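Taking it in order: structure first as structure tokens, then the write-up.
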Amino acid sequence: MASDTTKTFNEQPIINFKTTAGLTDYYCPFCNHKLFRGKVATFNMVCSNCNKLVRSEQHYHSKDEKKI
């Protein structure tokens with residue numbers, strides 16, 4: 001008789017929680033609904049809750065750089 005080497009369905013998966021470190025939650029400024037989680041500089045999207053356009057832009061300027 002051969003031994004059974006198949007895995008059972010009751011085994012818990014291994015979850016690596018370190019992959020979500022450093023990510024930011026983005027919320028709609030109109031209804032405070034969570035849009036997504038990530039790390040982006042700019043985005044344009046429509047909120048699925050209130051159907052309003054949400055824009056986000058971050059400009060990174062050093063203190064020595066002159067603005068035109």
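Among the residues of the stretch 30-48, write down those that are in contact with a Lys or Arg (Cβ under 9 Å, 6 or more places away or on another chain) and either in contact (Cβ under 8 Å) with a residue 24 or more places away in the chain or outside any strand (DSSP E or B) (or both).
Hits for the stretch 30-48 are Phe30, Cys31.
Residues checked against (1) in contact with a helix residue (DSSP H, G or I) (Cβ under 6 Å, 6 or more places away or on another chain); (2) surrounded by fewer than 10 Cβ atoms within 10 Å (Cβ to Cβ); (3) at pLDDT below 90; (4) of a type in the set (Lys, Arg):
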| site | (1), (2), (3), (4) |
| --- | --- |
| Met1 | no, yes, yes, no |
| Asp4 | no, yes, yes, no |
| Thr8 | no, yes, yes, no |
| Ile15 | no, yes, yes, no |
| Arg37 | no, no, no, yes |
| Ser48 | no, no, no, no |
| Asn51 | no, yes, no, no |
| Glu57 | no, yes, yes, no |
| Lys67 | no, yes, yes, yes |
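The values are calculated or read from the model by the stated rules, or taken from the named source; none is laboratory data. Every value quoted in this text rests on a predicted model; they were computed, and no experiment measured them. As a convention, Cβ positions derive from the backbone with ideal geometry for all residues, glycine included, and neighbour counts pool all protein chains shown.
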